[in-house]
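Enquirer: Encoded as structure tokens, here's the structure I'll be asking about.
The numbers here are math on the coordinates, done by the rules we state, and not lab data. For clarity, every value in this text was computed on a predicted model and none was experimentally measured. Methodologically, a virtual Cβ is constructed for each residue, glycine included, from the backbone with ideal geometry; neighbour enumeration extends over all protein chains shown.
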Amino acid sequence: LLMENRIWVALGQQQFELYLQPQVSLDNGRVVGAEALLRWDHPELGLTGPERIIPVAEESGLILALGDWVLARAVALMAEWKRDGFAGLRMAVNLSARQCHGRELLPRLDRLLADAGVDPSLLELEITESAAMHDPEHTRHLLRALRERGINVAIDDFGTGYSSLSYLKLFAIDRIKIDGSFVTDIETDPNDAAIVTATIGMAHAMGLTVLAEGVETAAQRNFLRLHVCDEAQGYLFARPMPPAQFREFMMRAK
Ligand code: G
Ligand code: G
Ligand code: MN
Ligand code: NA
């Protein structure tokens, strides 16, 4: 079966799930949010990550249906969090380039959030530099409209694109996510350390918050905390996990 057809079938048979990875405040160690990461539990192929799904979906146009499913599932989980009393917990959702550039995104978001009674300011959309710079004028309007609604926007994989600084100049964003590739050797590679500390300083000067990705060790966390990085995400805190497990994780942390 073609991968494309498999994805179509999977949407119908509810084989997709959003795993949740905690995002932690470096001030006090508390969980302030979670990133939703797409997983596919296929009856024969097993558990598959987005790297096999997203490129095929982007190419075939299926990404709009899939992205739609992701948004709906994320908002449904936010409604569950509200019922569970996880007040103020933020949900971060990855957007694909095609989702950013279609016309359906804003009305779809308005509808989903209103129907679920979920506070838009608890939703964050992660956009990569390359997706945003594909059509900067369109992105500028989109990000304005998101901001008017109170929806947050984060730059994902910051520093790995070719247009980071133009992006900061052009767009109204809330948060920078420093890519994990700059974090891995942060204690031993002076260049990585310089890039990370300069990014934090620049972001703060612009009124943005900073989240470091791929934090795996206590030493990396300590370095980031020393350099006043706001938040972190990575295996040190927790791996991405199914929603039921995330709920238990949050209950234990209460
Ligand atoms: O856990 P990880 O292998 O899940 O994620 C790999 C990449 O796939 C990440 O860079 C992330 O941005 C992307 N990704 C994960 N979930 C989604 C999703 O729901 N939609 C889109 N467009 N990308 C996703
Ligand atoms: O959207 P984005 O590229 O930021 O997605 C984050 C990716 O990084 C996902 O594939 C996720 O599973 C992965 N990830 C999350 N925490 C860690 C970590 O501590 N180390 C590594 N190597 N990968 C991580
Ligand atoms: Mn992301
Ligand atoms: Na990233």
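Enquirer: Run the reach check for LYS82 against aspartates and glutamates, Cα to Cα strictly under 19 Å, same-chain hits fewer than 8 apart removed. What comes back?
Expert: Reachable aspartates and glutamates: GLU35, ASP110, ASP115, ASP119, GLU124, GLU248.
Enquirer: Right, another one. When only Cα pairs under 8 Å and 6 or more residues apart are kept, what is the percent relative contact order across the chain?
Expert: Once normalised by length, the contact order is 19 percent.
Enquirer: For region 43-100, take N as its residue count and report Rg(C-alpha) divided by 2.2 N^0.38 Å.
Expert: Here the answer is 1.36, to two decimals.
Enquirer: Quick one: P(r) of the chain from all Cα-Cα pairs, 5 Å bins, percents rounded to integers, in order of increasing distance.
Expert: Percent of pairs per bin, in order: 1, 6, 13, 17, 19, 18, 14, 8, 3, 1, 0.
Enquirer: Run the numbers for GLU17 and GLU59: contour at 0.36 nm per residue of separation, minus the present Cα-Cα distance, in nm.
Expert: 13.0 nm
Enquirer: What's the ranking of 141-153, 46-58 by average number of surrounding C-beta atoms within 10 Å, highest first?
Expert: So the order, starting with the most tightly packed, is 141-153, 46-58.
Enquirer: Assigning unit charges at the beta carbon (Lys, Arg +1; Asp, Glu -1) and nothing else, what dipole magnitude in debye, to the nearest 20, does the chain show about its Cα centre?
Expert: 760
Enquirer: Follow-up. Going by C-beta contacts inside 10 Å, put MET91, MET250 in order with the fewest on the left.
Expert: Going from sparsest to densest Cβ surroundings: MET250, MET91.
Enquirer: Now, a different point. Determine which lysines satisfy two conditions relative to LYS177: a Cα distance under 21 Å, and not lying fewer than 8 residues away in the same chain.
Expert: Within reach: LYS169.
Enquirer: For region 64-170, with only Lys/Arg (+1) and Asp/Glu (-1) charged at the beta-carbon, what is the dipole magnitude about the Cα centre, in debye rounded to 20?
Expert: Roughly 200 debye for region 64-170.
Enquirer: Using +1 at the C-beta of Lys and Arg and -1 at the C-beta of Asp and Glu, which of ILE127, GLY88, VAL70 has the Cα lying farthest in the positive direction of the dipole of region 61-151?
Expert: It is GLY88.
Enquirer: Here is a follow-up. With every atom except the alpha carbons ignored, what do you get for Rg and Dmax of region 1-93, in angstroms?
Expert: Values for region 1-93 (Cα only, Rg and Dmax): 15.0, 49 Å.
Enquirer: Rounding to the nearest 10 and keeping the result within 0 to 90°, find how far the Cα-based axis of helix 243-253 lies from the longest principal axis of the chain.
Expert: Taking Cα atoms only, the helix is inclined about 40 degrees.
Enquirer: Rounding to the nearest 10 and keeping the result within 0 to 90°, find how far the Cα-based axis of helix 63-84 lies from the longest principal axis of the chain.
Expert: Roughly 70 degrees, rounded to the nearest 10.
Enquirer: Report for the chain the percent antiparallel among DSSP-assigned beta bridges with both residues inside it, nearest 5.
Expert: 40
Enquirer: On to the next question. Given Cα positions, please report Rg to Rh for region 88-158, the hydrodynamic radius being the Kirkwood one.
Expert: 0.95
Enquirer: Let me ask something additional. Would you list which aspartates and glutamates come within 12 Å of LYS254, measuring only between C-alpha atoms, while excluding same-chain residues fewer than 8 positions from it?
Expert: ASP84
Enquirer: Which residues does the label zone of ASP119 cover in region 226-254, counting backbone N under 19 Å from a point 7 Å along Cα→Cβ?
Expert: The answer is 250-251, 254.
Enquirer: Follow-up question, since we're still on this one. Which percent of Cα-Cα pairs in region 199-244 sits in each 5 Å bin, short to long?
Expert: Per 5 Å bin, starting at zero, the Cα-Cα P(r) for region 199-244 comes out as 6, 22, 27, 19, 14, 9, 4, 1 percent.
Enquirer: When you count, for each residue, the other Cβ atoms within 10 Å and take the mean per peptide, how do 206-214, 185-193 rank with the highest first?
Expert: 206-214, 185-193
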